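Trainee: Input: one structure, supplied below.
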Protein chains: 2
Amino acid sequence: MTTELVYSKQYTDLTREDLMQKVSEQMSDKRFQHVLRVEKKALELANNYQIDKEKASIAALTHDYAKERPDEEMIDIIQNEGFSRELLEYGNAIWHGILGAYLVKIELGITDQEILDAITIHTTGAKEMSDLAKVIYVADYIEDGRDFPGVVEARESAERSLDEAVSYETYHTLTYLLKNKKKIYPKTLETYNYWVVSH
Amino acid sequence: MTTELVYSKQYTDLTREDLMQKVSEQMSDKRFQHVLRVEKKALELANNYQIDKEKASIAALTHDYAKERPDEEMIDIIQNEGFSRELLEYGNAIWHGILGAYLVKIELGITDQEILDAITIHTTGAKEMSDLAKVIYVADYIEDGRDFPGVVEARESAERSLDEAVSYETYHTLTYLLKNKKKIYPKTLETYNYWVVSH
């Protein structure tokens, strides 16, 4: 499916191959293989749920763009580019989505807000999520390389409904964080309160 | 121990007996018996940790002052007395602490900020908690009438350290809320991130 995709130049002047090249330069091969699997899964979901495949491809390929940036560079960006100081209490697991959108915009010139928002919230979710954001959030969790207790159920939920998959992922992520006494970012709680409890 | 306690009139003009009377008028006898057990436990903890017993008694007796107020009255107060509208997304479980402090102040004339803060955060905890606030938060959780899996460990932790008891209670409360897919108030997460993870 992925090989047939030719970008329209609406969202980036880069070809898909150029974008893949630029992304691969930012990370280890192991992570890049994960990125390609997220794109594959995102395109499957985009196909099933009638979502723009080109945007799904671009958002998937760029979602971990900042994952291997040094902490010092990220801290510098938080302090000097108008991000909330509260972010300093967290680490790259939270930073790479929020700052990733910023870096994808300034370094790759991608300005489509829906794509940038999907990158921003791909690890925490959010109360307000576009279908594209849901696709990236879920594809990152269930791509074919993932193997954890519950991944089969997560994949099944994504077959039934994007919202159900968002809820499943959010609930299990929060449970994992709590069980391991990891710090929880407030936005993750907001996602839980909306998609797991109220929805 | 409780019967020996005579109020100094520093924090309220009421005698302890008058305050008990006023509190009992606000609630069922069953809840009032809980309040008396919280006071008993709070005085034990105050004794063990060298905390002002009079303040512990007053805060314990008034901590559930607003627990049986009708929702309509509480909603009216939230909307007209400058409270965050976000509170409207929650219910009495959250309101009765925050609005309780307000009602204790205006109806009972108790103005000591440490007592009011202890009432405010007694169900959610907070990042910043005085020893008095910790005592009320913990006493409410482990008073002699409580019976739930883990209550023995909670009581043991309170023998060792107030901070450990705050951490234990917060962790288990959050786990319970998540397991039952209950809405979680952001302040509860803040308490977890500070007292369970960082501390």
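Trainee: State which residue is nearest to B:Tyr168 (Cα to Cα) when the search covers only segment B:87-101 and only residues that are out of contact with any Ser or Thr (no Cβ under 8 Å at 6 or more places or on another chain) and surrounded by 19 or more Cβ atoms within 10 Å (Cβ to Cβ).
Mentor: The extreme case among them is B:Trp95.
Trainee: While we're looking at this one, here's another question. Can you work out which of the residues in segment A:68-85 that are of a type in the set (D, E, K, R) and in contact with a helix residue (DSSP H, G or I) (Cβ under 8 Å, 6 or more places away or on another chain) is most open to solvent (accessible area, probe 1.4 Å)?
Mentor: It comes out as A:Arg85.
Trainee: If you scan segment B:32-50, which residues turn out to be outside any helix (DSSP H, G or I) and more than 15 Å from B:Arg155 (Cα to Cα)?
Mentor: We begin by selecting, within segment B:32-50, every residue outside any helix (DSSP H, G or I); these are B:49-50.
B:Gln50 - this is the single residue of segment B:32-50 that is outside any helix (DSSP H, G or I) and more than 15 Å from B:Arg155 (Cα to Cα).
Trainee: Looking only at segment A:1-31, which residues are part of a loop (DSSP other than H, G, I, E, B) and polar (S, T, N, Q)?
Mentor: A:Ser8, A:Gln10, A:Thr12, A:Thr15, A:Gln26, A:Ser28
Trainee: Tell me whether segment A:150-167 contains one or more residues that are in contact (Cβ under 8 Å) with a residue 24 or more places away in the chain, open to solvent by less than 20 Å² (accessible area, probe 1.4 Å) and not in a helix (DSSP H, G or I).
Mentor: Looking through segment A:150-167, none of the residues is in contact (Cβ under 8 Å) with a residue 24 or more places away in the chain, open to solvent by less than 20 Å² (accessible area, probe 1.4 Å) and not in a helix (DSSP H, G or I).
Trainee: Six or more apart or on different chains, Cβ under 7 Å: which pairs go from a residue in segment A:174-187 that's at the interface with chain B (Cβ under 7 Å from one of its Cβ atoms) to one that's among the hydroxyl-bearing types (Ser, Thr, Tyr)? Could you list them?
Mentor: That search, which allows pairs on different chains as well, returns A:Leu174/A:Thr188; A:Leu174/A:Tyr192; A:Leu178/B:Thr175; A:Lys183/A:Tyr90; A:Ile184/B:Tyr192.
Trainee: Continuing with the same structure: The conditions are (1) open to solvent by less than 70 Å² (accessible area, probe 1.4 Å); (2) within 27 Å of B:Met20 (Cβ to Cβ), and B:Trp195 fails exactly one of them. Which is it?
Mentor: B:Trp195 satisfies every listed condition except (2).
Trainee: Please work out which one of (1) outside any loop (DSSP other than H, G, I, E, B); (2) free of Cβ contacts under 8 Å to residues at least 60 places away in the same chain is the condition A:Asp147 fails and give its number.
Mentor: Condition (1) is where A:Asp147 drops out.
Trainee: Read through the list (1) modelled with pLDDT of 95 or more; (2) under 15 Å from B:Lys182 (Cα atoms), then give the number of the only condition that A:Gly145 fails.
Mentor: Of the numbered conditions (1) modelled with pLDDT of 95 or more; (2) under 15 Å from B:Lys182 (Cα atoms), the odd one out for A:Gly145 is (2).
Trainee: Another question about this same structure. Any residue at all in segment A:20-38 that is open to solvent by 40 Å² or more (accessible area, probe 1.4 Å) and on the phi > 0 side of the Ramachandran plot?
Mentor: Scanning segment A:20-38, I find no residue that is open to solvent by 40 Å² or more (accessible area, probe 1.4 Å) and on the phi > 0 side of the Ramachandran plot, so the answer is no.
Trainee: Now for a separate question. Of all the residues that make up segment A:108-142, how many are farther than 11 Å from A:Val166 by Cβ, crowded, with 24+ Cβ neighbours inside 10 Å and among the small types (Gly, Ala, Ser)?
Mentor: 2
Trainee: Considering each of A:Thr170, A:Thr124 in turn, give the residue that is within 14 Å of another protein chain (Cβ to nearest Cβ) and closer than 30 Å to A:Thr15 by Cα. I'd like the intermediate steps shown before the answer.
Mentor: Values: A:Thr170 fails: closer than 30 Å to A:Thr15 by Cα.
Just a single option satisfies the conditions, and that option is A:Thr124.
The values are calculated or read from the model by the stated rules, or taken from the named source; none is laboratory data. Predicted model, so just to flag it, every value in this text is computed and none were measured. When we count neighbours, we look across all protein chains shown, and the Cβ atoms used for this are built from the backbone with ideal geometry, even at glycine. These area figures cover heavy atoms from the full protein model, side chains too; ligands, DNA and RNA do not enter into them. Shrake-Rupley method; radii C 1.70, N 1.55, O 1.52, S 1.80 Å.
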